[in-house]
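Read through the structure below, which is laid out as structure tokens, and then see the notes.
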Amino acid sequence: MSDKIIHDKISIVATLTRAIYLLQIDSNQQGKDLLQAGLSAAASSELSDLYEISREDLAFLLSRALKYNIEPEYSKKLADYHFISIELETKPDIPDWPVRIEILNHLLLDIDGKRTNFTKKINLSHFRLLVSLIANGDGKLSIEKLKENLWPGRSSDKKNHRFYVAVTQLRKIIGVDSLLFRGDKILLNRRRCWVDTLAFKTILKDLQNHNMDTKDDIYDLKHDIENAISTYINNFLVGTDDFYWRRNLAHDSKTVIMDTVFKLGTTLERNLDTDAALSLYRAAMDIDNLNENLYAKTMRCLSTLGNLPEAEHVFQNYKNRLVENDRPLPSQRLKLLHQQIFSQHHTQPGNA
């Protein structure tokens, strides 16, 4: 095999591996696009096998390829070569995930396409186990630690009994194959269960890893950030926050979004698209309206655009929000920026 073919295969496997990861979380367009790109490249390179991908992952990948009509002939040849049977996977009435769980803003369970409010089907103990498994998606907590979190202060025998009763009942509701035991860990089967929190985490990870090499990349990222902000507003800031994992997820999500906003905003300003940067900063205020850096950047953009009345309004609005939240007045840095903006335009603040 030539060096070029080897290099191509490495790149193809990397692309398909990323596609598998995204498609296991949700059937998003990026995952489908990567699947299309990877299989098309493999077909044009006439790769006869993909042993670098596990047989289980390859079966999942090829079933999705046939479902979405992506390189169907090549996908069937690969399946035959690896002795993978994917006929059942191609039936149109089989959902991508037999179990779909939504818990961010409302509690909904979808099993084989039938939606229900699962608080009517599951008692509090079993629900808390399900929530703990979702929060523990990375499998860091052991079964013993989960038991202690769920039933603190109980005897070992009582914790064991309650745990296995909850597992048994949960399996009856969402399916035996939906819960996996791995050594001293118990996990949701991510191949069977789609969860909105885990899908959102994937979106955030994509934000962090998004390229900004081309103009299209930059505006694609802006679109994705604004979607993430909308999801955050609609789900995390509505209702009560009863579970520690929601507080942690909300905090971590805000951190990722804001970091990406500032990184992209700086790039947009550098590329002289001040309007796009300004709209991004204003959108981000919906999830962090006390972030002084956001107000500073917004004021700079408005100054660049020559909109001094609005820059003054942003500054006064920030001061009012600080007072409403019993926070200190704007920092000296922001006050100096405020003065500089108006001195550069030879205009007195408040009279712009």
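Structure data summary
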| quantity | calculated |
| --- | --- |
| Distant-in-sequence amide H partners of Leu179 (H built 1.01 Å from N, under 5 Å) | Asn189 |
| Karplus (6.51, -1.76, 1.60) ³J(HN,Hα), θ = phi - 60°, over region 61-72, in Hz, Gly and Pro reported as x | 4, 5, 5, 5, 4, 5, 4, 9, 6, 9, 6, x |
| Under 28 Å between alpha carbons - lysine pairs in region 155-221 that sit 8 or more apart or on different chains | 10 |
| Segments 72-81, 279-288 sorted - mean Cβ within 10 Å per residue, highest first | 279-288, 72-81 |
| Whole-number Å³ per residue for the convex hull built on Cα positions in region 273-352 | 78 Å³ |
| Radius of gyration, Dmax [region 185-340; alpha carbons; angstrom] | 17.7, 59 |
| Solvent-accessible area per residue, Å², over region 165-312 with all protein chains present [probe radius 1.4 Å] | 47 Å² |
| Highest average packing first - 178-186, 123-131, 62-70, Cβ atoms within 10 Å | 62-70, 123-131, 178-186 |
| Under the Karplus curve 6.51 cos²θ - 1.76 cosθ + 1.60, θ = phi - 60°, whole-Hz ³J(HN,Hα) for region 252-269, x wherever Gly or Pro sits | 5, 5, 4, 4, 5, 4, 5, 4, 5, 4, 5, 5, 5, x, 4, 5, 5, 5 |
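The values are calculated or read from the model by the stated rules, or taken from the named source; none is laboratory data. Keep in mind that what you see is a predicted model, and the values were worked out from it rather than measured. Positions of Cβ are generated from backbone atoms using ideal geometry, with glycine treated the same way; all protein chains shown enter the neighbour counts. Side chains included, ligands, DNA and RNA excluded: accessible areas come from the protein's heavy atoms. Shrake-Rupley method; radii C 1.70, N 1.55, O 1.52, S 1.80 Å.
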